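The values are calculated or read from the model by the stated rules, or taken from the named source; none is laboratory data. None of these values were measured; they are calculated from a predicted model. Cβ coordinates were reconstructed from backbone atoms using ideal geometry, including for glycine residues, and neighbour counts include every protein chain displayed.
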Amino acid sequence: MLKCSATLDHSHIAGLYQRSAPELLLHIRRHIPSQEDAEDVLLEVFVAAMEKPRLSNMGEQEQLAWLRRVAHNKCVDFHRRSIRRSSIPLEDVQQQLYDEHILHTPELVALEHEEHALLRTQIASLPQIQQEVLRLRFAEDLRCPEIARRLNKSDGAIRTMLSRILHLLRNIYTNSEEELSNG
């Protein structure tokens, strides 16, 4: 007797799925951008329908209204979960891992250390005021007007100094790269 009732409920749910799944999926897709995630939410809706024994006692319009409400709630649940855990596409993870692997080869790490040492040496050879401007701009992330106030200089003077310092450092790097490629 119980098996017969379960079979009727499953066939009822199957028929309900056939009739209402396309419409529900469209509704869900309006709230969830990924097709795969929307299909997962739709599946959750029908799992909930299977767990509701009195669903088959409702009229067709009541069933559809109930499914829409459950779909809405499942969309809200999905967004709550996604806020707690940020997700990125698998392809992006694979590319990021590949890029990190390429960027962390021993040769590239050694070159990066050499570049940082060269930069530290070049910055240390700058006048103290220029070192301070670089530190305030890049280490403390201050903008030129804030740096100017701290150093009692004009905004224009700080902008000019920063531009000249960066141009000088850029030239040093360009020249060292040319020496490496010619040497």
| query | So which of Glu115, Glu146 ends up being of a type in the set (D, E, K, R), closer than 20 Å to Asn171 by Cα and in a helix (DSSP H, G or I)? | reply | Glu115
| query | Are any residues in the stretch 113-139 under 19 Å from Thr160 (Cα atoms) and either of a type in the set (D, E, K, R) or modelled with pLDDT under 85 (or both), and if so, which ones? | reply | Glu132, Arg135, Arg137
| field | Inter-residue pairs, beta-carbon under 7 Å, first assigned by TED's automatic domain parsing to the domain that holds Tyr17 and in the stretch 54-66, second at pLDDT below 85 and in a helix (DSSP H, G or I), 6+ apart | value | Ser56/Asp9; Ser56/His12; Gln63/Leu55; Trp66/Leu55
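Suppose we filter the stretch 130-148 for residues that are surrounded by fewer than 13 Cβ atoms within 10 Å (Cβ to Cβ) and of a type outside the set (Asp, Glu); how many remain?
Count: 4.
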